[in-house]
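What follows draws every value from the coordinates through simple rules; no lab data is involved. Bear in mind the structure is a predicted one, so any value in this text is a computation, not a measurement. Ideal geometry is used to build each Cβ from the backbone, glycine not excepted, and the neighbour counts take in all protein chains shown.
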């Protein structure tokens, strides 16, 4: 076989103490655990590796596919190495820890940087919210005291959420996902997290989860009062389909497509695309030997960069699709 085609993968499930039941229930996934915090949809990591489910390449890991197919899969402008993004669905039955991730400026010790973005799929009630950044610049000593007093969220901005909202969380921005949020997370391929505060919560064995306060204090941007909300920018003119850009960044580009009719999209060969269905269902048609792939709500699909054109056909009226592409200008991590 000398041609690639749209690929979909077996989800990798993660069970953390704050997880819920919506991933299994709402997306009809019989293989998900009873409590499921995260579903890794596209992942090239030793702690969670995607395995292809469809076509002649079924059974291959994403890591093997990246090594075997190189730029034909990921794109000529994407930096060599593991697949650059990690795509997750997160079900926050309870509030996640207050945490922070490093960016490319941290070098001692060398770490995997992590910038991410959230697309809100659902808030379980009107009180669902996220935390991101500070209400005003704060002295590190003041924040350290707040952690010790169990008031780390006191100085953090809180944002109500609605389906379709986007939030951008660059490395070094303090943040937490609130109770009741169901989220699509787009992030750099990293699992580096410094937990600052865990709401005095204990794991089922009665032990508190470890904190990483000293590492976090070296990373947090204490003057960060920026608005994390992504403002949609329309990309399409008149027509039955709506297309808007949610976020353009060096790490990833995210668009939302509301499909009423078929839509043809093109690749220049510089990068691949990931599709995630947030509402409805869609068929993906290409000129590859595996001509058509169908995806429904909650499903993802990787479109290789070598497929110059692909067509999205909504199988349900007004289906919503997130179109995600790796960035091609992310800074290299600094090295001491």
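Using the 10 angstrom Cβ neighbour count as an exposure proxy, how do 272, 263 rank, fewest first? Kindly include the intermediate steps, with their values, before the conclusion.
Details: 272 26, 263 21.
Least crowded to most crowded, the residues run 263, 272.
When the helices of the chain are scored as -39500 (n - 2.57) per DSSP H run of n ≥ 4 and the total is divided over every residue, the value at 222 nm lands at -2500 deg cm²/dmol.
In what order do 12, 219, 74 fall by count of nearby beta-carbon atoms within 10 Å, going from fewest to most?
Fewest-to-most Cβ neighbours within 10 Å comes out as 12, 219, 74.
Sorting 93, 212, 175, 28 from the fewest to the most surrounding beta carbons within 10 angstrom yields 28, 212, 93, 175. From a point 7 Å beyond the Cα of residue 79 in the direction of its Cβ, which residues of the stretch 267-307 have a backbone N at a distance under 14 Å? Within reach of a label on residue 79, which here means backbone N under 14 Å from a point 7 Å along Cα→Cβ, the stretch 267-307 contributes nothing. If R0 is 41 Å, what FRET efficiency do you get for residue 142 and residue 162 from their C-beta distance, rounded to 0.05? Approximately 0.80, to the nearest 0.05.
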